[in-house]
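Have a look at the structure below, then the notes.
The values are calculated or read from the model by the stated rules, or taken from the named source; none is laboratory data. These numbers come from a predicted model, not from an experiment. Please note: Cβ atoms are built from the backbone with ideal geometry, for glycine as well, and neighbour counts cover all protein chains shown. The accessibility values were calculated without ligands, DNA or RNA, using every heavy atom of the protein model including side chains. Shrake-Rupley method; radii C 1.70, N 1.55, O 1.52, S 1.80 Å.
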Amino acid sequence: MKSTLFNNIWPTTPSGYKPTSPLGYGTFGLVWKYEVTQGPRIGSLVAIKRIRLEECNDMKLDEITVELT
């Protein structure tokens, strides 16, 4: 089954989203609430984790993957 992310249901560029408010802060950065501004899901609310890669310098790839999923 093909992921809906790649079926153009959700915008794939930052311009397709508008930040509305921060939701929380974690090890790798801030989670924001965004409103979809383009495409068939316009008006939907989503949460996006904005990652601070400088916090990952001393971590192994599998540790980073667990944190991001």
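Please go through segment 26-49 and give me each residue that is loosely packed, with under 13 Cβ neighbours inside 10 Å, of a type outside the set (Gly, Ala, Ser) and within 13 Å of the chain's Cα centre (by Cα), ordered by number. Leu45 - this is the single residue of segment 26-49 that is loosely packed, with under 13 Cβ neighbours inside 10 Å, of a type outside the set (Gly, Ala, Ser) and within 13 Å of the chain's Cα centre (by Cα). Taken together, Val46, Val36, Val66 contain a single residue that is at pLDDT below 90 and out of contact with any His (no Cβ under 7 Å at 6 or more places or on another chain), which is Val66.
Residues in segment 20-66 that are more than 21 Å from Asn8 (Cβ to Cβ) and out of contact with any Gly (no Cβ under 8 Å at 6 or more places or on another chain): 25 in all.
Of all residues in segment 37-57, those satisfying the criterion of being part of a loop (DSSP other than H, G, I, E, B) and out of contact with any strand residue (DSSP E or B) (no Cβ under 7 Å at 6 or more places or on another chain) are Gln38, Gly39, Pro40, Arg41, Asn57. Within segment 47-69, residues that are over 17 Å from Leu30 (Cα atoms) reach partners that are outside any loop (DSSP other than H, G, I, E, B) with beta carbons closer than 9 Å, at six or more positions or on different chains, in the pairs Met59/Glu67; Glu63/Cys56.
The residues in segment 27-36 that are within 30 Å of Glu63 (Cβ to Cβ), in contact (Cβ under 8 Å) with a residue 24 or more places away in the chain and not in a loop (DSSP other than H, G, I, E, B) can be counted, and the count is 1. Residues in segment 50-65 that are open to solvent by 100 Å² or more (accessible area, probe 1.4 Å) and within 15 Å of the chain's Cα centre (by Cα) were compared, and the one that is farthest from Thr20 (Cα to Cα) is Leu53.
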